[in-house]
Amino acid sequence: MFFRIVSDSFARKPRRKILTAAALALGMAVATATLEVALDVGDRLAREFRSLGANLLVTPASDTLPLEIGGVDYRPVDAGAYLPEGDLGKLKTIFWRNNIVGFAPFLDVPVSINSGATGEVLIGTWYSHSVDVPDGSKFATGVSATNPYWHVDGRWFSDGSHDAVAGAGLAQRLGLHPGSTVTVGAGERTQTLTISGIVSAGGREDNAILAPLEVAQNLAERPGKYRTLLVSALTKPADAFSQRDPATMTPVEYDRWYCSPYISSISHQMQEELPGVEVRAIRQVAEGEGRILTRVGGLMWLVTIGALFAAALAVGATSATTVIERRSEIGLMKALGASYRAVAAFFVAEQLLLALAGGVVGCALGVVLARVLGVEIFGIAPDPRWILFPIVLFLAAVVALAGSLVPLRRASRVDPAPILRGE
């Protein structure tokens, strides 16, 4: 009898039911799309930010005070501490190794160019270098991964070559162009290099020569060594918990912090694998990324809550109209002995069936909408997250019941006597 009454309700007055299901479907579609994008936006934006440069700086912990002029370190090559190049593969063994997008070592050497005054600088680094990882695998990295926005007219150098790229400012000052040959000297050591390209980096590199790291090591007489390391890592926006001192954490808190991709926890893991280094976040990059990620994520959740609230209001409006139209039916059921719980059960069953239909349709529409948004914003559609399907159905049920709460209370107060008298 219960299911017959419910089914008859759908058959006799389908228009209200369709409106309620449509409101739920639209609300769930928006909620599904924003949840899909919100869950995907962090990784997408983090990868987009990684194209803007590295966010971690690694230096020797025992290094001397740097002597920098115009961003160039002019300490003698025999001053300060150096780090072994051979240990860099260990960065791909930390807990968050898959979040390490790339890294590039740097070694600055004050040099003279074409027997001129010693006032120029040669920066040794990798462009695209294969690093041996302790697990036996290979990892390709270099400034191509940490600084992909650097623009080169011509081509980059390769490992083992005697090529180099000249900064745009230096090239203009010395009249260099792709194909030019320069002789660089550091002390008694000299090296002839062929300029393969002109780089525009927007920093100190524009007034320097960039060459393979091995060339800089030979000029500085520091084989297998480097002085600074830039690391590009995917991180989670910092919060109050991430800024706590790990030494003050309980074991449970420490595990939570260690297993979260905060920039502080990744830095800590890097220091564990590379003894004798100091890892610092490049604050301008890290803090800017954190603010943007937090705000975008907050906006997505706000839109989701707004869509659910609007759907609840629509369900409440149609439910209130339904209760008014069915006052006589409610009065008759009460006159025949139906309790408040029985009357409420009929309405709840109707709303849950509508929530099921609206949730299924809304989830399907939301997946399509999420793909459209992903392509328009990031150029790639997010992968469907099927875990959202039961969540969306649950949200649809909650919205349907929340919107029907006030009409159900009104239905429970219906007095059958005046209704049966036609009043």
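The values are calculated or read from the model by the stated rules, or taken from the named source; none is laboratory data. Predicted model, so just to flag it, every value in this text is computed and none were measured. All Cβ positions, even for glycine, are placed from backbone atoms using ideal geometry, and neighbour counts span all protein chains on display.
Note on the stretch 156-176: residues that are of a type in the set (A, V, I, L, M, F, W, C) and assigned to a strand (DSSP E or B) amount to 3.
Residues Thr181, Thr228, Thr146, Thr235: which one is at pLDDT 90 or above and surrounded by 14 or more Cβ atoms within 10 Å (Cβ to Cβ)? So that I can check it myself, show each step before the final result.
Numbers: Thr181 fails: surrounded by 14 or more Cβ atoms within 10 Å (Cβ to Cβ); Thr146 fails: at pLDDT 90 or above; Thr235 fails: at pLDDT 90 or above.
Being at pLDDT 90 or above and surrounded by 14 or more Cβ atoms within 10 Å (Cβ to Cβ) holds for just one of Thr181, Thr228, Thr146, Thr235, which is Thr228.
In the stretch 75-98, the residue that is modelled with the lowest pLDDT out of those that are within 17 Å of Thr228 (Cβ to Cβ), among the aliphatic types (A, V, I, L, M) and surrounded by 17 or more Cβ atoms within 10 Å (Cβ to Cβ) is Val77.
So that you can scan it fast, the table gives a plain yes or no per residue for (1) part of a strand (DSSP E or B); (2) touching a residue at least 12 places away in the same chain (Cβ under 8 Å); (3) outside the structural domain of His268 (by TED's automatic domain parsing); (4) hydrophobic (A, V, I, L, M, F, W, C):
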{"residue": "Phe139", "(1), (2), (3), (4)": "yes, yes, no, yes"}
{"residue": "Pro148", "(1), (2), (3), (4)": "no, yes, no, no"}
{"residue": "Pro178", "(1), (2), (3), (4)": "no, yes, no, no"}
{"residue": "Val182", "(1), (2), (3), (4)": "yes, yes, no, yes"}
{"residue": "Leu193", "(1), (2), (3), (4)": "yes, yes, no, yes"}
{"residue": "Ala216", "(1), (2), (3), (4)": "no, yes, no, yes"}
{"residue": "Arg222", "(1), (2), (3), (4)": "no, yes, no, no"}
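Of all the residues in the stretch 234-267, those that are over 18 Å from Leu91 (Cβ atoms) and aliphatic (A, V, I, L, M) number 5.
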